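The values are calculated or read from the model by the stated rules, or taken from the named source; none is laboratory data. Keep in mind that this is a model prediction, so the values were computed, not measured. Cβ coordinates were reconstructed from backbone atoms using ideal geometry, including for glycine residues, and neighbour counts include every protein chain displayed. Each accessible area value is taken on the protein alone, full model and side chains, heavy atoms only, with ligands, DNA and RNA left out. Shrake-Rupley method; radii C 1.70, N 1.55, O 1.52, S 1.80 Å.
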Amino acid sequence: AYSQSQIDALNGSIDILQIQKADILNQIDVADQELVLTIATISSLNEQIAVKNTEIAETTVALQDAQDREATEYEAMKTRIQYLYEVGGDAGWATVLLNESSLSDMLTQAEYTEKIYEYDRTCLQEYADTVSEVSDLKAQYESEAAELQLMLVNQQEEQTYLEDQLAYLQATSAKSQCMKHG
């Protein structure tokens with residue numbers, strides 16, 4: 001009871017729907033491949049975030065140790081400076097050296113004084129090195145924390161992209177299902 005023109009029109013509509021369906025299926029395939037890549041990227045970012053968290057924890061421990069050493073060395077330097085102030089510093093040692101009764105005692109005292117100054121220089125250098133280490137560790141911690149923040153932002157962007165792709169696929173799939181049944 002259909003006329004040939006109606007059959008031709010229906011066949012044309014079927015052809016158009018089949019082309020649209022093939023296009024939708026192709027879009028689903030492309031989106032599916034993008035989803036696989038996005039999931040892999042998120043997984044990789046999660047691994048990098050875990051590694052970065054471990055690095056930050058290690059840096060935090062090293063920083064705390066260095067800060068503890070710095071405080072201990074600072075207190076030792078304060079005590080040493082206080083002692084030198086109370087004894088009289090260079091003038092006090094000069095008095096001790098000049099008051100020695102023999103040349104041997106004076107040389108022994110001079111050698112002792114040299115060792116004390118050498119020890120003081122060593123302590124001061126260790127303190128300076130520790131202060132530098134604390135500064136370097138703080139900078140490293142801040143850098144690692146900034147990298148972690150960037151990784152978290154990237155992960156969130158990938159997660160949002162993944163959710164958008166899933167919503168798109170679901171909508172496309174629903175549209176495709178309607179075409180099958182329609």
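Overview of values
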{"item": "Tally of residues being within 17 Å of the chain's Cα centre (by Cα), among the polar types (S, T, N, Q) and buried (at least 16 other Cβ atoms within 10 Å of the Cβ) across the range 36-69", "result": "1"}
{"item": "So G92, is it in a helix (DSSP H, G or I) and modelled with pLDDT under 85", "result": "yes"}
{"item": "Residue that is of a type in the set (A, V, I, L, M), at pLDDT 80 or above and not in a loop (DSSP other than H, G, I, E, B), where the choices are L84, L169, L97, L124", "result": "L124"}
{"item": "Scan of the range 102-157 for residues that are open to solvent by 60 Å² or more (accessible area, probe 1.4 Å) and in contact with an Asp or Glu (Cβ under 7 Å, 6 or more places away or on another chain), ordered by number", "result": "M106, E126"}
